Amino acid sequence: MVAAACHCQLGSSAAAGRSLRRTGASPPALLLPPRPRQQRRAAPAQAAADPQELLTLASSVAAGWPAAVAGATAAWPAPLASAATILATDLADVAAMQPTAWGAARLGALYYFFLARPSPVVGLLDFYLLNPIARLLQRRFSEADFTLRERLGGGNYGQVFEGLINANGLPDPITRELSPEQKKRRVILKKANMDAQGIRTNFLKAGTIARGAAETGFVEAYMCARVMRHPQVRRVVAEYLGYFQASSTSGGITSGSQWLVWKFESDSTLGDACDGTLGPFPDCLSGIMLGRRAQGWDEEKRAAATVKAVMKKLFVALERLHSLGIVHRDIKPENIILTADGQIKLIDFGAACDLSTGINFNPEYGMLDPRYAAPEELVMPKNFPRAPPPVLAATLAPCAWAWGAPDLFDSYSAGMILMQLSIPQLRPGASQRSFNAELANCGYDLNRWRSPKARSMDFSLLDRGGGQGWDLAVKLLCLKNELNRGRLSASQALCHPFLLLPA
Ligand SMILES: Nc1ncnc2c1ncn2[C@@H]1O[C@H](COP(=O)(O)OP(=O)(O)O)[C@@H](O)[C@H]1O
Ligand SMILES: [Mg+2]
């Protein structure tokens, strides 16, 4: 149907182009007055706009591709070279609008396995090849390698400490201040609580969710190692260094406990910026986010540009993570590190699920923080089946992803952060809780929620420039529709005018 419609359009505009040329060709060439310059320049553009000519041009250019590719790949091993030539022939057929059924099938398969999101080839390669190799080559740590320092946090699943990698195998004395040399050895150590449930053998391949603290730690180690193997994604997450199980008790590390280790990225999280720990928001971030270009800007412009910069970096990080088939499921300011050079790094992958292998995915359960979790609570629709073994999960991942749009779970959390950063009254934790309840009462229709609130909150950052920020928030903080769509994905949000246009 679509192809037929395209043909009709092409035909009619080609006819229009031909009739135009006939009218212009009738006077004898010698009697034509010299054409003004502008007209002469416009002629190629007119010719290029003729779809028939474009098609002829494209197919004549494409006709040379198979020979060119055959020449370029002559030195390759024979099967690879002939595969490349066959694909070039298929592409040339498509460019000439004469694809063969086999050619189209080959190109479709190529797209599905290599380019669709999440790519089955990347998922399979990672799980069956890179993961085992990385485990063999990974740096081996033990309890003797670290000095534990301050405890930074803790919850049901584990406790987080600042620590140092020991120099020359000797523990560091505990001092308040760190020397510049010590700062280079600073790490974050997360102790995953061991519980009675332990870790099931072959748990990762069972296609299910972690059932206790020990398995959550195990999943987090898997996810962090997985994202570190991707050259683009590793730049937007805290640098993961490794995992160890203590075999003896040493300096606060007890025998049998399991530990995850990251590079210490920064003292500050976006949570610290929001709650005022770093100073008045958003001024506390303007310097590192905008640099010198913000000098001389008025306060509101600086604030808007800062919020845009943070949101843009957050969506870039999410887009990269989602391209691997991973949904974070716990996106919130406390899990976003702000580095001194204005980068953001995602942390805390204990709740993440990898849809390209089914790891930590269960269609009936999901871990969530009610302040930031999307209202659907699950990343995939309820009737979605349990994940099959990784080989099948990776092969079917693009279909599952296209159908269930699980990444929109993180989009909602990012929308919540946008509201929090932009509206001062929503920054304190308590008001955020009541905002959540009110939004649920309004059926997740942000415009409905806003009408009675308009006078009591400051929407100026979102309303600037024709209300682009508000429009983005409305499109993020909404329900998914029956087709599992209706909310912007991270890549769509990056194309929204609020993030594309300057403040
Ligand atoms: N790589 C890191 N660099 C600097 N600080 C970190 C890093 N990882 C975690 N933190 C700090 O530790 C806190 C808790 O870490 P997180 O992984 O979120 O654990 P939890 O599961 O307890 O939430 C973070 O909010 C942050 O302040
Ligand atoms: Mg956390």
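The values are calculated or read from the model by the stated rules, or taken from the named source; none is laboratory data. For clarity, every value in this text was computed on a predicted model and none was experimentally measured. Heads up, the Cβs are rebuilt from the backbone with ideal geometry, glycines too, and the neighbour counts pull from every protein chain shown.
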Scan the stretch 138-162 for residues that are among the aliphatic types (A, V, I, L, M), in contact with a Leu (Cβ under 9 Å, 6 or more places away or on another chain) and within 14 Å of ligand 2 (Cβ to nearest atom) and report the count. 1
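Tell me, which residue of the stretch 77-87 that is more than 16 Å from Gly108 (Cβ to Cβ) and in contact with a helix residue (DSSP H, G or I) (Cβ under 8 Å, 6 or more places away or on another chain) is surrounded by the most Cβ atoms within 10 Å (Cβ to Cβ)?
Here the residue is Thr85.
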Return only the number of the condition from (1) under 17 Å from Ala303 (Cα atoms); (2) within 16 Å of ligand 2 (Cβ to nearest atom) that Trp262 does not satisfy. (1)
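This table checks each residue for (1) assigned to a helix (DSSP H, G or I); (2) within 16 Å of ligand 1 (Cβ to nearest atom).
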| position | (1), (2) |
| --- | --- |
| Ala317 | yes, yes |
| His322 | yes, no |
| Asp330 | no, yes |
| Ile337 | no, yes |
| Ala340 | no, yes |
| Lys345 | no, yes |
| Asp348 | no, yes |
| Ala351 | no, yes |
| Thr357 | no, no |
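Could you tell me which of the residues Arg176, Arg211 is under 30 Å from Ile326 (Cα atoms) and part of a loop (DSSP other than H, G, I, E, B)? Before you say what the answer is, go through the steps one by one.
Values: Arg176 fails: under 30 Å from Ile326 (Cα atoms).
Exactly one residue qualifies, and that residue is Arg211.
A quick yes/no check of all residues on (1) surrounded by 20 or more Cβ atoms within 10 Å (Cβ to Cβ); (2) touching a helix residue (DSSP H, G or I) at 6+ places or on another chain (Cβ under 6 Å); (3) free of Cβ contacts under 8 Å to residues at least 60 places away in the same chain:
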site	(1), (2), (3)
Arg211	no, no, yes
Glu215	yes, no, yes
Cys224	yes, no, no
Arg234	no, yes, yes
Consider only pairs whose beta carbons are under 6 Å apart and that are at least six residues apart or on different chains; among these, list those whose first residue lies in the stretch 339-351 and is more than 13 Å from Thr269 (Cβ to Cβ) and whose second residue is within 13 Å of ligand 2 (Cβ to nearest atom) and of a type in the set (Val, Ile, Thr). Gly350/Thr216
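What residue, of Ala196, Ala134, Ala144, is exposed (fewer than 11 other Cβ atoms within 10 Å of the Cβ) and either modelled with pLDDT under 95 or under 19 Å from Ser248 (Cβ atoms) (or both)?
Being exposed (fewer than 11 other Cβ atoms within 10 Å of the Cβ) and either modelled with pLDDT under 95 or under 19 Å from Ser248 (Cβ atoms) (or both) holds for just one of Ala196, Ala134, Ala144, which is Ala196.
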List pairs: first in the stretch 244-269 and touching a residue at least 24 places away in the same chain (Cβ under 8 Å), second part of a strand (DSSP E or B) and small (Gly, Ala, Ser), Cβ under 6 Å, 6+ apart or cross-chain? Gln258/Ala192; Val261/Gly242
Which ones in the stretch 392-444 are outside any helix (DSSP H, G or I) and surrounded by 14 or more Cβ atoms within 10 Å (Cβ to Cβ)? Ala405, Pro406, Asp407, Ile423, Arg427, Cys442, Tyr444
Residue satisfying condition, being within 20 Å of Ser491 (Cβ to Cβ), touching a residue at least 24 places away in the same chain (Cβ under 8 Å) and either assigned by TED's automatic domain parsing to the domain that holds Lys312 or under 17 Å from the mean Cα position of the chain (by Cα) (or both), within set Val391, Val379: Val379
What residue, among those in the stretch 273-302 that are within 16 Å of ligand 2 (Cβ to nearest atom) and in contact (Cβ under 8 Å) with a residue 24 or more places away in the chain, is nearest to Ile344 (Cα to Cα)? Ala273
Restricting attention to the stretch 147-164, does a residue exist that is in contact with a Ser or Thr (Cβ under 9 Å, 6 or more places away or on another chain) and away from ligand 1 (no atom under 16 Å from the Cβ)? no
Scanning the stretch 165-182 residue by residue, those surrounded by 10 or more Cβ atoms within 10 Å (Cβ to Cβ) and either among the hydroxyl-bearing types (Ser, Thr, Tyr) or within 12 Å of ligand 1 (Cβ to nearest atom) (or both) turn out to be Ser179
Can you tell me which residue in the stretch 363-387 is nearest to ligand 2 (Cβ to nearest atom), limited to those that are closer than 22 Å to Val122 by Cα and not β-branched (Val, Ile, Thr)? Met380
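Based on this model, can you work out whether Gly366 counts as within 12 Å of ligand 1 (Cβ to nearest atom), buried (at least 21 other Cβ atoms within 10 Å of the Cβ) and over 27 Å from Ile288 (Cβ atoms)?
no
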